[in-house]
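The values are calculated or read from the model by the stated rules, or taken from the named source; none is laboratory data. Quantities reported herein were computed from a predicted structural model and do not represent experimental measurements. Cβ atoms come from the backbone with ideal geometry, glycine included; neighbour counts cover every protein chain shown. Ligands, DNA and RNA are excluded from the accessible area calculation, which covers all protein heavy atoms including side chains. Shrake-Rupley method; radii C 1.70, N 1.55, O 1.52, S 1.80 Å.
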Amino acid sequence: MNFTKKQTLTILFLFFFSFLFSQTATGDSLRGEFTYLHQYKPNTLNQDNVYKELFTMQISDKRAFFISENRLKFDSLFMEQYNKNRSNFNIDMRGLPSSKFKFLIIQTTDNSEFYESVGTALLSYNTPVIRDWKLIDETKVINSFHCKKAEVHYKGRDWTAWYSMEIPFPYGPYKFSGLPGLIVKITDKTGDYDFELVKSVSSAKLKGRIITINKRHYQNAKLVTKKELIQATTNYRDNIKYELEKMGTVFSEGQSRQKISETEKKGYNPIELE
């Protein structure tokens, strides 16, 4: 049987990722599992466009994993399809869930470790845990949890957090941690970004369970600076079209795609402004 270059690359791709997807965490007992709804406005020029996505936070004895639920579903469904179709490598990637957020964040009591794949490279950088929270003498009940208020200026935005000491974990969504209880809700002053706890699993249901985050998301990552990771991502996006064309991919409407990209850049609204 003769294989084209594209077919050969596809087989190598699937073999490589099937190995990576099989590597799951085995040493972290699950102590807490929470689901957050993340809502944000990706472009300041279109305030009516609000993107929503669910994230999971899985907490072990010494660290917390924060990742998009769609990425976890992708891992599970990919392996399911691979195991069913490994003889012919017929995996329909179009049917797998996608996420706008390709990162994993692992929080400890000392720092937040940010992981992201750029092409076939896994890169990471560290940021120290937030220490300059301002605790406010104000309380509120959010989703049945009694919460206390805290404020912080972080990476160019002013944030208001509501944390609950009823859940004694010093973690929260994204890189937000360092409070004496789990962050139940946090919103920036402009209202462009918001995380809210919408689901939690009781401790009774966690007995005997372990962290299910696949190790491919964080194991053997190359430590870089945040600036270097951003530059690597930019370089990869600039080069990917050229690389795909070398493999025989034909693109159309290239000029219109570029115009859309330039328009989106004008109102680009990242979570970190500095």
Subject >> Rounded accessible area of residue 198 (nearest 10 Å², 1.4 Å probe) >> reply: 80 Å²
Subject >> Gain in span if fully extended, residue 132 to residue 234, counting 0.36 nm per residue against the direct Cα distance >> reply: 33.5 nm
Subject >> Protein-only accessible surface order, largest first, of 216, 157 at 1.4 Å >> reply: 216, 157
Subject >> Karplus-derived HN-Hα couplings along segment 98-114 (A = 6.51, B = -1.76, C = 1.60, θ = phi - 60°), whole Hz, x at Gly and Pro >> reply: 10, 9, 7, 10, 9, 9, 10, 10, 10, 9, 10, 6, 9, 7, 10, 9, 9
Original post:
Once the whole set of protein chains is in place, how much accessible area is left on residue 158, using a 1.4 Å probe, in Å² to the nearest 10?
Top reply: 70 Å²
Original post:
Just by accessible area at a 1.4 angstrom probe, what is the order of 193, 268, 51 from largest to smallest?
Top reply: 268, 51, 193
Subject >> With all protein chains modelled, accessible area of residue 56 [1.4 Å, Å²] >> reply: 10 Å²
Subject >> Pairs of lysine residues in segment 96-188 - Cα separation under 27 Å, sequence separation of 8 or more or cross-chain >> reply: 23
Original post:
Quick one: ranking 151, 116, 166 by accessible area, 1.4 Å probe, largest first, what do you get?
Top reply: 166, 151, 116
Subject >> Peptides 207-213, 134-140 ordered by average Cβ neighbours within 10 Å, highest first >> reply: 207-213, 134-140
